[in-house]
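Q: There's a structure below that I have some questions on.
The values are calculated or read from the model by the stated rules, or taken from the named source; none is laboratory data. Keep in mind that what you see is a predicted model, and the values were worked out from it rather than measured. Neighbour counts are summed over all protein chains in view; Cβ atoms, including those assigned to glycine, are modelled from backbone coordinates with ideal geometry.
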Amino acid sequence: MRIFQQRTRIQKFDGVKAFVKEYQIGENDFILASKSVYEKFFMPLELKAHVEYKGKYGAGEPTDIMIDALLADFRKTDCDRIIAIGGGAVIDMAKILVPEGSADTEQIFRRQVSLKKAHALVAVPTTCGAGSEVSNVSIAELTAIHSKLGLADDSIYADDAVLIPELLTDLPYSYFATSAIDAFIHAIESYVSPRANLYTRMFSKQAMEMILSGFRQILKHGTEYRMELLEQFLIASNLAGIAFGNAGTGAVHAMSYPLSGVYHVTHGEANYQFLTAVFRTYQKLNPDGILRELDEFLAGLLGCGKEQVYTELENLLGLIIARKKLREYGMTEDEIRSFAESVEASQQRLLNQSYVRFDADQMEKIYRELY
């Protein structure tokens, strides 16, 4: 039985020039990038690669329509290597360019075709949340069902993950905050996953400790102090990515997908809405087992009793960035039940990885509580 793997080579550079020099980026490279980051850090280097910007294909989180358009552009080139420079959306889109064949996005995500790696992928994250650079997961909205689906397949692992802290310097505070919270969610959900083990929990614990320590420093010194912590948060996100790439995420992610799919809430922000409510429910339904160990660990980090960890965590995160009610995104009360049923119908992969496997009735209670 496989218990742990890390297929992606991880490299760190102090700046973009050193990365470009070592990787000898040129005409045979296909770059998918966030426009603002590329123009500031890479355009002055006058690279000869084929460059496309994520914004050409649409705003917000990836959809099957966006990825199909990207696939069409990529398949017109003779590029051998793909370089993704951006947040989780950019890297997730680039992963779908890696397999051979001519299948469209829906066929790939519904596993209607077999996947075989045909191109190398270099992933360069520009946020501190997704961890996509080291996972075998890509997430996209299937527009026909107005919800996200996750594809997990070893063929889409990046060959290299490249960490360059300076690429986070222009990340607005709100995106920094929700990205870092997303990384924390990757770490905490993977910690209690039925697929977790000693190896994955080592990465989860280190990521949680680094993120909460960083948040405390930001609260002490102010939001601009995050510029002193970019490497710390980028590495923590990477560690959390390794953890969830092996153990998976669970109900927090599952319940966030309709909110993202229908109201286009960014991935990290959508996950944030459900974090403490889901874990409080876990605590009520099954307080023993690995959750007890997690609660004791978090109590030590938060300086509270283990019964108060999710209240203290909610208070801390609320000081980093406020959490909204679901109705503030436009969600209606009539959608509470339909969201719960859609998650039960379409997110079995994630629900099976949850500490407690929720049914639609249990999820309806959480949606109603957060509404």
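Q: In the range 320-371, which residues are in contact with an Asp or Glu (Cβ under 6 Å, 6 or more places away or on another chain) and more than 15 Å from SER256 (Cβ to Cβ)?
A: ARG337, ALA360
Q: Please go through the range 35-69 and give me each residue that is modelled with pLDDT of 95 or more, of a type in the set (A, V, I, L, M) and within 20 Å of HIS146 (Cα to Cα), ordered by number.
A: Selection gives ILE65, MET66, ILE67, ALA69.
Q: From the residues in the range 40-64 that are hydrophobic (A, V, I, L, M, F, W, C) and buried (at least 17 other Cβ atoms within 10 Å of the Cβ), which one is nearest to GLU166 (Cα to Cα)?
A: Narrowing the range 40-64 to residues hydrophobic (A, V, I, L, M, F, W, C): 41-43, 45, 47, 49, 51, 59.
Next, only the ones that are buried (at least 17 other Cβ atoms within 10 Å of the Cβ) stay: 41-42, 47, 49, 51.
Details: PHE41: 9, PHE42: 12, LEU47: 19, ALA49: 22, VAL51: 21 Å.
Per the criteria, the residue is PHE41.
Q: For the range 352-371, which positions are part of a helix (DSSP H, G or I) and of a type in the set (Lys, Arg)?
A: LYS365, ARG368, listed by residue number.
Q: Next question, about the same structure. Which of (1) within 17 Å of LEU350 (Cα to Cα); (2) in a helix (DSSP H, G or I) does THR249 not meet, given it meets every other one?
A: (2)
Q: Follow-up question, since we're still on this one. Under 8 Å between Cβ atoms, at least 6 apart or on separate chains: pull out the pairs that start in the range 163-180 with a residue that is farther than 15 Å from SER237 by Cβ and end on any residue that is surrounded by 13 or more Cβ atoms within 10 Å (Cβ to Cβ) and of a type in the set (Phe, Trp, Tyr).
A: From the range 163-180, the pairs are GLU166/PHE41.
Q: Name the pairs whose Cβ atoms lie under 9 Å apart, with the first residue in the range 20-48 and outside the structural domain of ALA72 (by TED's automatic domain parsing), the second at pLDDT 95 or above and surrounded by fewer than 19 Cβ atoms within 10 Å (Cβ to Cβ), and 6 or more positions between them or separate chains?
A: Partner pairs satisfying both residue conditions: none exist.
Q: Further question on the same structure: Condition first: aromatic (Phe, Trp, Tyr), out of contact with any Lys or Arg (no Cβ under 6 Å at 6 or more places or on another chain) and surrounded by fewer than 19 Cβ atoms within 10 Å (Cβ to Cβ). Now tell me which residues in the range 352-371 satisfy that.
A: none
Q: In addition: Could you give every pair whose Cβ atoms fall below 6 Å, whose first residue belongs to the range 186-212 and is surrounded by fewer than 17 Cβ atoms within 10 Å (Cβ to Cβ), and whose second residue is of a type in the set (Gly, Ala, Ser) and outside any helix (DSSP H, G or I), counting only separations of at least 6 or pairs across chains?
A: Final answer for the pair search is ARG195/GLY248.
Q: Same structure, new question: Restricting to the range 2-24, and then to whatever is hydrophobic (A, V, I, L, M, F, W, C) and within 26 Å of the chain's Cα centre (by Cα), can you tell me which residue is surrounded by the fewest Cβ atoms within 10 Å (Cβ to Cβ)?
A: Only one residue fits best here, namely ILE3.
Q: Evaluate the range 109-119: report whether one residue or more is surrounded by fewer than 21 Cβ atoms within 10 Å (Cβ to Cβ), of a type in the set (A, V, I, L, M, F, W, C) and touching a Ser or Thr at 6+ places or on another chain (Cβ under 6 Å).
A: The answer is yes; a qualifying residue exists.
Q: Can you tell me which residue within the range 321-351, out of those that are in a loop (DSSP other than H, G, I, E, B) and touching a residue at least 24 places away in the same chain (Cβ under 8 Å), is surrounded by the most Cβ atoms within 10 Å (Cβ to Cβ)?
A: GLN347
Q: For ALA196, are the conditions met, namely being at pLDDT 95 or above and of a type in the set (Gly, Ala, Ser)?
A: yes
Q: What are the pairs with Cβ atoms under 6 angstrom where one residue, in the range 274-286, is among the aromatic types (Phe, Trp, Tyr) and the other, located anywhere, is modelled with pLDDT of 95 or more? Sequence gap at least six, or different chains.
A: Cβ pairs passing all conditions: PHE274/VAL252; PHE274/MET255; PHE274/SER256; PHE279/TYR310; TYR282/LEU291; TYR282/TYR355; TYR282/VAL356.
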